[in-house]
Amino acid sequence: DISDSGAAPTAIGLQLGSNTIAGSVTTGPGSDTRDFFTFTVGAGQMLDAINLLEYDDPNLPGANDGNRGFYALVAGSVASTPAGGFDNLGGDHLDPDPFGTNLLAAIAASGISGGTGFSEIGPGDYTFIIQQTGPQVSDYLVDFVLVPEPTSAALIGIGALGLLRRRKRTA
């Protein structure tokens, strides 16, 4: 079970490549309305995508029939929930979005749900929030994709190219 407290989000370790996270949220008395998890983007890495793979009510027939929900990305390892909303980089509603959609693009758009926006998610700690805003259960799968920072990859490529040229000249 992923934490329902922004003050104590579940810590999830992400690796380079695809990282699928599963959870469930619902609305109602005593229910788990929100899930909060924190993760770290390591040095030389960046978050390339948050792909929505599933948003489904398991109590209804058919697939991907989750009710409207909300998601957001917060800088830092905790997420406060002040009266005016989340202190976030950005967020948007799940309607649900088409599956396979990269949610990061909507999160990045400055001003959505009071977010500050951003150009890229580089090294640091972040918290992801997903919330069910309707009266049903919604199971979700999201895929966080970490890649090497382009500058790191470019520097490695330039260094390898220099070594290759040096070896050819000495041969």
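The values are calculated or read from the model by the stated rules, or taken from the named source; none is laboratory data. On a predicted model such as this, the values are computed, not experimentally measured, just so you know. Positions of Cβ are generated from backbone atoms using ideal geometry, with glycine treated the same way; all protein chains shown enter the neighbour counts.
A few notes on this one:
- Options ASP35, ASP48: the member that is modelled with pLDDT of 90 or more, of a type in the set (D, E, K, R) and under 14 Å from ILE129 (Cβ atoms): ASP35
- Residue ID - surrounded by the most Cβ atoms within 10 Å (Cβ to Cβ), chosen from residues in segment 1-27 that are within 13 Å of the chain's Cα centre (by Cα) and part of a loop (DSSP other than H, G, I, E, B): LEU14
- Residues located in segment 74-97, provided they are aliphatic (A, V, I, L, M) and modelled with pLDDT under 80: ALA83, LEU94
- Positions within segment 28-41 being buried (at least 17 other Cβ atoms within 10 Å of the Cβ), more than 17 Å from ASP143 (Cα to Cα) and in contact (Cβ under 8 Å) with a residue 60 or more places away in the chain, in sequence order: ARG34
- Qualifying residue in segment 152-171 (condition: of a type outside the set (D, E, K, R) and either in contact with a helix residue (DSSP H, G or I) (Cβ under 6 Å, 6 or more places away or on another chain) or modelled with pLDDT of 65 or more (or both)): no
- Scope segment 98-124; condition touching an Asp or Glu at 6+ places or on another chain (Cβ under 9 Å) and modelled with pLDDT of 80 or more; matching residues: ASN102, LEU103, LEU104, ILE107, ALA108, GLU120, ILE121, GLY122, PRO123
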